[in-house]
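Each remark here refers to the structure printed beneath this line.
The values are calculated or read from the model by the stated rules, or taken from the named source; none is laboratory data. Worth saying up front: this structure is predicted, and the values here are computed from it rather than measured. Here the Cβ positions follow ideal geometry from the backbone for every residue, glycine too, while neighbour counts run over all protein chains shown. Areas reflect the complete protein model, heavy atoms only, side chains present, ligands, DNA and RNA absent. Shrake-Rupley method; radii C 1.70, N 1.55, O 1.52, S 1.80 Å.
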Amino acid sequence: MSWIMDPIEISDLISRTALGDRAAFARLYHLSGPKLFGVCLRILKDRPDAEEVLQEVYVKVWQNANRFAARESSPLAWLAAIARNHSIDRVRARKPVARDIDDVPDIVDTRPDPEAETISLGEQGRIDECMDELEDDRAAAVRSAYIEGYSYKELAERFDVPLNTMRTWLRRSLIRLRDCLER
Amino acid sequence: MTDRDDNLTPESERDHLAAEYVLGVLDAEQRARCRQLIASDADFAARVATWEDRLSPLNAAYADVTPPANTLGAVESRLFGNPAPAGIWNSLRLWRTGAIAALLAVVVLAGMNAGLFGPAPTGQDARMIATLQADGSNIQFAALYEADGGAIRISAVAGAPDEGRDFELWFIESGNAPVSLGLLNRAGATSIEVPVGQRIRITDGTIFAVSHEPLGGSTTGAPTGPVVAAGAIHKI
């Protein structure tokens, strides 16, 4: 399953959800739930939290489905953004107690799994090419910021660089990525 | 590396803020400010959307994890209160008055062509019709039910299943789970004989619905795909 989901079907289901079709909403959940739960778990690194956030995500999907129609965007990117934003907001709202890092492998493999890679080779290949143009540690910082939802402060600690250095890394990397992706 | 990125204009600052928001590196206060901007500033919202699309290939790194089984039910409770067992079916607009006249014409015509309209039946609910449609769907069916022989004849007025999928017909007694009546032909009309034991359950007001299923129909005994059309059956 996963991102193998048919974007046209997902778009259609979101549009129907916007019209109040609960069956379409249920189908949308069945197709996208495992992927979005994977997003929540990866960022929150806590199962009960991820379960709760996943519910909030789908409440939001129902409530905001009408905004999707107005927007030209990949439906999967739209769904994933809702899940990422909710998860990151939840993490930021936590008391500043360190995450239980022992539970999580320190260096997480943030490369796409091979199956996923073959799916959207076009886009995927493009962003990988652009990532390859960055220095290795910069690319790793961008990936772990996006995938794990780390803050500047956490990234600075993990990569063992001063906070301002991390800000500069990411600022320059984002500009280079944008320029590369739009070439 | 040039220092063009250090030569900051307000526009590049805005774009960078949008990128930082999407990347997820901001703190809670900055994120709250971004959310306000997204709501009030269309240009900023568009920049965020563009960055979401730009970085979305990175989503491939997220693995699928099966969520707890009760998740959808919990979401539906939060959104709709405690749904009835057949809750998801209730959201469909079941009957459109404007369609009745058109539907009658279609059904009677189809019935005449098929030789269905023989001698007048005797039972009170002997002949019933339904139009099946749904909001957001342009698929439409007309159905005729003859109580005497338990025969349903259903015709697609508009719409066909996607390649590699089938339409499946269901009926729903209020408060009960949908019961499958079988698959519909991909085009034209389908005649279905309702099993004798089920006939008593089909009365004035019973809801018929068509769902979009994998080829060969649902294997779970319940609809798995979206409901593309539904309607209550009524005495002629």
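Figures for the structure shown
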item	result
Computed E for residue B:177/residue A:66 - FRET, C-beta separation, R0 30 angstrom, nearest 0.05	0.50
Pair residue A:94, residue B:36: separation of 7 Å Cα→Cβ label points (nm)	2.7
Whether region B:183-236 is rounded, prolate or oblate, judged on the alpha carbon gyration tensor where a/c under 1.5 counts as rounded	prolate
Separation of alpha-carbon centers, region A:15-63 and region B:204-228, rounded to whole Å	23
Descending semi-axes in Å of region B:128-198, equivalent ellipsoid built from Cα gyration tensor	20, 14, 13
13 Å reach of a label modelled at residue B:198, 7 Å along Cα-to-Cβ, counting backbone N of region A:22-42	none
Ratio Rg/Rh, restricted to region B:4-61 and using Cα atoms, in which Rh is the Kirkwood radius	0.98
Sites residue A:129 and residue B:234 - FRET efficiency at Förster radius 51 Å, r taken between beta-carbons, to 0.05	0.25
Peptide-level mean, for A:48-58, of C-beta atoms on other protein chains within 10 Å	4
Between B and A, accessible area buried - total, square angstrom, nearest 100, 1.4 angstrom probe	6100
Calculated FRET efficiency for the pair residue A:30/residue B:12, C-beta based, R₀ 51 Å, to 0.05	0.75
